[in-house]
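The structure appears below as structure tokens.
No value in this document is a laboratory result; all are computed from the given coordinates. Only a predicted model underlies this, so the values are computations on that prediction, with no experimental measurement involved. For neighbour counting, all protein chains shown are included, and Cβ atoms are generated from backbone atoms with ideal geometry for every residue, glycine included.
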């Protein structure tokens, strides 16, 4: 295990699977402490169990990023647990069931709202809470997509939500930059 990030604490959303899970493994392998959240209870328990022997390395909490109070509670408990926060990766996101199948004129309103609630509101809730705890500066990374920068047939909800993440990220980067907080979006 490397000590490159020893003493650093990071918060990762959607950390029980996919990119989030791999990010957790990488950060811990570099010596970091990680606060993980997800809505997948079984996957969170499995992740927690895999690092149980490394006491103090991980804080685990079930969080729905759409819920501002849950996110704020997670950030407070993260800082209480580690004493500080150095960075975050907001990776929670969904692709609608209708993706690549439904044109905008047939888009279901509930599905549209669900996608925006997680992909955009979730990122907003997380950044809002994280910035308050990045007192000595830090870094926030938000998950974009190839569709953050272009549109595609039958992908309006997802593409629009990921465009919104880029806009939200660049706006917050201008606000938080003066506090020494870097805010970036991964999109290609």
Potential lengthening between residue 3 and residue 114 on full extension [0.36 nm per residue; Cα-Cα distance subtracted]:
36.0 nm
Can you give the FRET efficiency to the nearest 0.05 for residue 152 and residue 53, using r as the Cβ-Cβ distance and R₀ = 45 Å?
0.50
Honestly the stretch 110-150 on the Cα gyration tensor test (a ≥ b ≥ c root eigenvalues; a/c under 1.5 rounded, otherwise a/b vs b/c for prolate or oblate) is just oblate
What order do you get for 124, 58, 101, 75 when you list them from fewest to most C-beta neighbours inside 10 Å?
101, 124, 58, 75
How much length, in nm to one decimal, is gained on full extension between residue 26 and residue 103, taken as 0.36 nm per residue of separation minus their Cα-Cα distance?
23.9 nm
Based only on other Cβ atoms within 10 Å, what is the fewest-to-most ordering of 51, 158?
51, 158
(i) 28.6, 82; (ii) 16.1, 49; (iii) 16.6, 53: which one is Rg and Dmax of the Cα atoms in Å as calculated from this entry?
(iii)
Mean Cα-pair separation over length for the stretch 102-172, i.e. relative contact order, pairs under 8 Å, 6 or more apart, %:
42 percent
Taking Cα pairs under 8 Å and at least six residues apart, what relative contact order does the stretch 9-186 come out at, in percent?
21 percent
Just want the ordering: 108, 41, from fewest to most Cβ atoms lying within 10 Å of their own Cβ.
41, 108
Give the average over all directions of the projected area of the C-alpha convex hull of the stretch 1-100, one decimal, in nm².
6.9 nm²
